[in-house]
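Here is the structure we will look at.
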Amino acid sequence: MEKAEGRNQTPIMEFLLLGFGNVPELQPLLSFVFLVIYIVTVAGNILIVALVATDQHLHIPMYYLLGNLSCVEICHTSIILPRLLATLLTGDKTISVKGCIVQLYFFGILSTTEPLLLTAMSYDRYLAICNPLCYAALMNGRVCFKLVAACWISSILACTIVNVFMFQLMFCDSKEIDHFFCDFSPMIKLSCGDTQNLQLVTFTIAAIGTLVPFLLTLTSYICIIATILRIPSTLGRQKAFSTCSSHLIVLTVFYGTVITIYVFPKAKTPKVLHKIFSLFYTVLTPMINPVIYSLRNKEVNESLRKAILKLAVFRNRHRSLKDIFLHIVK
Ligand SMILES: *[C@@H]1O[C@H](CO)[C@@H](O)[C@H](O)[C@H]1NC(C)=O
């Protein structure tokens, strides 16, 4: 109460996103690094989506889910990095309050959808390895579509509820957000109304949205690994494991960073370290996924090789057509 009285009560229309502080010498390097990361992430994920869309061999639930995950990653980086790059290049750190809430809204939807999709992927692997006889009945195009729709709809619903309240908040304490994007907790600190209920609701949704997928994924993988260990032949074991190893790596990277962020208490960790951890899960995870899948997954690898081959043949054919044309002209 005392604190509220001491606050400046004129509502704020703009925030300042402090980003990585004021080190002018570092700006060109940071801009370059983030630009490269952005291009690599978007290109890699578009490649995955294109392969899944065009290659008949990848028209199965496992790769539909992967394609959707890549869509999430493309949007995830596109919400954060272009804005960060613009700030680094122009030096203009202001963002309107509405703009900030919209960024938070989309960031929330994508961060909620990602663990749900990862869970759907583990469920698919669980059925394929632990229940192969029922796989075709329990997991097919229609079921996969329903799962994907459920992931998107539930996260959109949950985030819409939170954001309806966010839009009603007034911000009047200070303009400065010491982060590189509009995240929930730094924003809520600047609000001048009573936010306890909102914080409670958000915390509950976030906890359920992370913990339930995590436990389901963990259970699926315990069953998967137990089943694989029971396969008598080494070759069979390797074969079964190869279909889920890339997913397992993606899962480890994702939950590894999420757990690191939750385990390190915010108050005790230096701000810089917290920003670096946030960078990991907002910027680096989306970049790593396509790399893991195109390097480690045999089918994606094969599909990529075929696509490159086709492109080369197409170019050669193009060239020979041009030769013929030139020949005729001559
Ligand atoms: C996402 O999943 C749906 C449902 O299975 C599928 O039809 C669609 O092709 C997927 N999207 C991508 C980009 O793979």
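Descriptive notes on the structure:
- Contacts under 6 angstrom Cβ, first residue in the stretch 139-155 being farther than 13 Å from THR112 by Cα, partner more than 8 Å from the ligand (Cβ to nearest atom), 6 or more apart: MET139/ASP124; MET139/LEU127; LEU147/ALA120
- Screening VAL283 against (1) open to solvent by 60 Å² or more (accessible area, probe 1.4 Å); (2) among the β-branched types (Val, Ile, Thr); (3) modelled with pLDDT of 85 or more leaves a single unmet condition, (1).
- Residues satisfying the stated conditions in the stretch 19-45, i.e. of a type in the set (Phe, Trp, Tyr) and open to solvent by less than 60 Å² (accessible area, probe 1.4 Å): PHE20, PHE34, TYR38
- Of all residues in the stretch 163-186, those satisfying the criterion of being of a type in the set (A, V, I, L, M) and buried (at least 18 other Cβ atoms within 10 Å of the Cβ) are MET166, LEU169, ILE177.
- Restricting ILE48, ILE95, ILE80, ILE101 to residues that are within 15 Å of the ligand (Cβ to nearest atom), of a type in the set (Val, Ile, Thr) and either surrounded by fewer than 20 Cβ atoms within 10 Å (Cβ to Cβ) or in contact (Cβ under 8 Å) with a residue 60 or more places away in the chain (or both) narrows the list to ILE48.
- Reported count of residues in the stretch 124-156, each being surrounded by 13 or more Cβ atoms within 10 Å (Cβ to Cβ) and away from the ligand (no atom under 16 Å from the Cβ), is 4.
- Residue pairs meeting the criteria (Cβ under 7 Å; at least 6 apart or on separate chains; first at pLDDT 85 or above, in the stretch 15-26; second in a loop (DSSP other than H, G, I, E, B) and charged (D, E, K, R)): PHE15/LYS175; LEU16/LYS93; LEU16/LYS175; LEU17/LYS93; LEU18/LYS93; LEU18/ASP178
- Here PRO232 fits the description: outside any helix (DSSP H, G or I), over 30 Å from THR94 (Cα atoms) and either out of contact with any strand residue (DSSP E or B) (no Cβ under 9 Å at 6 or more places or on another chain) or touching a residue at least 40 places away in the same chain (Cβ under 8 Å) (or both).
- Close pairs (7 angstrom Cβ cut-off, 6 or more residues apart or separate chains): closer than 18 Å to ASN289 by Cβ in the stretch 54-66, part of a helix (DSSP H, G or I) and among the acidic types (Asp, Glu) anywhere: LEU58/GLU299; PRO61/ASP124; MET62/ASP124; LEU65/ASP124
- Any chance ALA53 is more than 18 Å from the chain's Cα centre (by Cα), within 16 Å of the ligand (Cβ to nearest atom) and over 21 Å from SER278 (Cβ atoms): yes
- Criterion applied to THR285, THR269 was being in contact with a Phe, Trp or Tyr (Cβ under 9 Å, 6 or more places away or on another chain) and not in a helix (DSSP H, G or I), and the one residue passing it is THR269.
- For the stretch 57-77, a residue qualifies if it is near the ligand (Cβ under 9 Å from one of its atoms), under 15 Å from SER111 (Cα atoms) and open to solvent by less than 20 Å² (accessible area, probe 1.4 Å), and the qualifying residues are LEU69, SER70.
- Residue, nearest to the ligand (Cβ to nearest atom), within the stretch 83-92, restricted to residues that are open to solvent by 30 Å² or more (accessible area, probe 1.4 Å) and modelled with pLDDT of 90 or more: ARG83
The values are calculated or read from the model by the stated rules, or taken from the named source; none is laboratory data. In this text, all values refer to a predicted model and were calculated from it rather than measured experimentally. Positions of Cβ are backbone-derived with ideal geometry, glycine not excepted, and every protein chain shown enters the neighbour counts. Calculation scope for accessible area: heavy atoms of the full protein, side chains included, ligands and nucleic acids excluded. Shrake-Rupley method; radii C 1.70, N 1.55, O 1.52, S 1.80 Å.
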